[in-house]
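Heads up: the structure comes next, in structure tokens.
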Amino acid sequence: MSLAYEDRKRTILKKLVIEEKIYVPDLAESLNVSSETIRRDLERLEKEGKLRKVYGGAVLANVETTEPPFEQKATINQAEKRAIAKAAAAFIEDGDIIMIGNGTTLLEMVRFLQDKKNITLVTHSAPVLKSAIEIFKGKLIFIGGEVDIHQQSTHGPLAEMTFKQLKANKAFISAGGVSIEDGITDYDLNEAHMSRLLLERSDELFVLADHTKMGETTFAHICELNKVSAIVSDWNCPNEWKERLKEQNIPLLQGKKE
């Protein structure tokens, strides 16, 4: 026998406090109701301000939903970002054509490309472009388009049209969240769309995500985990996530603490 709404509400909120994120299929099974009933329950609870719906389920209402400005992000987890960037650059081989997305960890990658030979770098990130102009020795292609001042990158039809004319060996993107159920997500719809373009136009996709992104789901879906060639994280990546990614046959490379 299924529970009435008020009983389900108490169970859902208790579970949410303990687990921080809940999933529609799990709730439907444990409460013996349909997934549609759970979705309606989550909608009611969201209107009551008790939670926030996300892709596949819900999180606590006070979970961060917006992305800080680029300059602010650059000051967070700097040592971890350098280690991740260095580890990610190890995937790049002489002669590669690479696409680098937008993000402060991706910006750090540029400094580790100086010894690579005959590399073509394609990016829509203004900070990556600026850094590459100063220290990168290969061919550099910037994707123009509508400029997002907040995140210092381009997007829109012009950027999309240009990306679709190009093909790369490897693409590197950052993520707002990495989840078994929800895959790779980002805070911003435009950035997520641009990351999907990098995926489509490259043979391999590498996702750079520090340990705080593991198990998180942010606003905009990029791709499922099975689309990822490898995830590059830092030395604090939880053992639980090492096992989870291993079960999903997703290679994990961890940057080393200096």
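The values are calculated or read from the model by the stated rules, or taken from the named source; none is laboratory data. Given the structure is predicted, the values throughout are model-derived calculations rather than measurements. Here Cβ is always computed from backbone atoms with ideal geometry, including for glycine, and neighbour counts include all displayed protein chains.
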Tell me, which strands (runs of 3 or more DSSP E) wholly within the stretch 183-233 include 1 or more residues that are in contact with a Pro (Cβ under 9 Å, 6 or more places away or on another chain) and surrounded by 19 or more Cβ atoms within 10 Å (Cβ to Cβ)? 230-233
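Of GLU71, GLU64, which residue is at pLDDT below 75, out of contact with any strand residue (DSSP E or B) (no Cβ under 6 Å at 6 or more places or on another chain) and part of a loop (DSSP other than H, G, I, E, B)? So that I can check it myself, show each step before the final result.
Details: GLU71 fails: part of a loop (DSSP other than H, G, I, E, B).
Unique residue meeting the criteria: GLU64.
Of all residues being among the β-branched types (Val, Ile, Thr) and either surrounded by 20 or more Cβ atoms within 10 Å (Cβ to Cβ) or in contact with a Gly (Cβ under 6 Å, 6 or more places away or on another chain) (or both) in the stretch 15-58, which is farthest from THR185 (Cα to Cα)? Just the residue, please. Break it down stepwise before answering.
If we filter the stretch 15-58 for residues that are among the β-branched types (Val, Ile, Thr), which is where we start, we get 17-18, 22, 24, 33, 37-38, 54.
Narrowing further to those that are either surrounded by 20 or more Cβ atoms within 10 Å (Cβ to Cβ) or in contact with a Gly (Cβ under 6 Å, 6 or more places away or on another chain) (or both): 22, 24, 38, 54.
Working: ILE22: 17, VAL24: 18, ILE38: 23, VAL54: 11 Å.
Taking the candidates together, the pick is ILE38.
Condition first: among the acidic types (Asp, Glu) and modelled with pLDDT of 85 or more. Now tell me which residues in the stretch 6-28 satisfy that. Steps first, answer last, please.
Within the stretch 6-28, the first condition is being among the acidic types (Asp, Glu), and the residues that meet it are 6-7, 19-20, 26.
Matches in the stretch 6-28: ASP26 only.
Somewhere in the stretch 237-247, is a residue assigned by TED's automatic domain parsing to the domain that holds ASP186, surrounded by fewer than 15 Cβ atoms within 10 Å (Cβ to Cβ) and under 20 Å from PHE91 (Cβ atoms)? Spell out the reasoning first.
Applying the first criterion (assigned by TED's automatic domain parsing to the domain that holds ASP186) to the stretch 237-247 yields 237-247.
Next, only the ones that are surrounded by fewer than 15 Cβ atoms within 10 Å (Cβ to Cβ) stay: 238-240, 242-243, 246-247.
Going one step further and asking which of them are under 20 Å from PHE91 (Cβ atoms), we end up with 242, 246.
Yes, there is a match, as at least one residue in the stretch 237-247 is assigned by TED's automatic domain parsing to the domain that holds ASP186, surrounded by fewer than 15 Cβ atoms within 10 Å (Cβ to Cβ) and under 20 Å from PHE91 (Cβ atoms).
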Being modelled with pLDDT of 85 or more and aliphatic (A, V, I, L, M) is the requirement here; does LEU31 meet it? yes
Mind listing just one residue for me: the one in the stretch 94-112 that is without any contact (Cβ under 8 Å) to a residue 40 or more places away in the chain and charged (D, E, K, R) and, of those, nearest to ARG82 (Cα to Cα)? GLU108
Go through the stretch 103-128 and give me each residue that's part of a loop (DSSP other than H, G, I, E, B), modelled with pLDDT under 95 and within 25 Å of ASP188 (Cβ to Cβ). GLY103
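Before we move on, is PHE219 closer than 17 Å to ALA90 by Cα, touching a residue at least 12 places away in the same chain (Cβ under 8 Å), of a type outside the set (A, V, I, L, M) and in contact with a Phe, Trp or Tyr (Cβ under 6 Å, 6 or more places away or on another chain)?
Values: closer than 17 Å to ALA90 by Cα: no; touching a residue at least 12 places away in the same chain (Cβ under 8 Å): yes; of a type outside the set (A, V, I, L, M): yes; in contact with a Phe, Trp or Tyr (Cβ under 6 Å, 6 or more places away or on another chain): yes.
For PHE219, the condition - closer than 17 Å to ALA90 by Cα, touching a residue at least 12 places away in the same chain (Cβ under 8 Å), of a type outside the set (A, V, I, L, M) and in contact with a Phe, Trp or Tyr (Cβ under 6 Å, 6 or more places away or on another chain) - is not met.
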Go through the stretch 1-52 residue by residue and tally those that are of a type in the set (Ser, Thr, Tyr), assigned to a helix (DSSP H, G or I) and within 30 Å of the chain's Cα centre (by Cα). 3
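Can you confirm whether the stretch 4-11 contains a residue that is buried (at least 18 other Cβ atoms within 10 Å of the Cβ) and among the basic types (Lys, Arg)?
Step one: of the stretch 4-11, the residues buried (at least 18 other Cβ atoms within 10 Å of the Cβ) are 8.
Going one step further and asking which of them are among the basic types (Lys, Arg), we end up with 8.
Looking for residues that are buried (at least 18 other Cβ atoms within 10 Å of the Cβ) and among the basic types (Lys, Arg), one finds at least one in the stretch 4-11, hence yes.
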Taking only the stretch 173-208 into account, find how many residues are closer than 24 Å to VAL24 by Cβ and among the aliphatic types (A, V, I, L, M). 6
The lone condition LYS137 fails out of (1) at pLDDT 95 or above; (2) assigned to a loop (DSSP other than H, G, I, E, B) is (1)
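Look at THR212 and say whether it is of a type outside the set (Lys, Arg), out of contact with any strand residue (DSSP E or B) (no Cβ under 8 Å at 6 or more places or on another chain) and in the same structural domain as ARG196 (by TED's automatic domain parsing).
On the way: of a type outside the set (Lys, Arg): yes; out of contact with any strand residue (DSSP E or B) (no Cβ under 8 Å at 6 or more places or on another chain): yes; in the same structural domain as ARG196 (by TED's automatic domain parsing): yes.
In short, yes.
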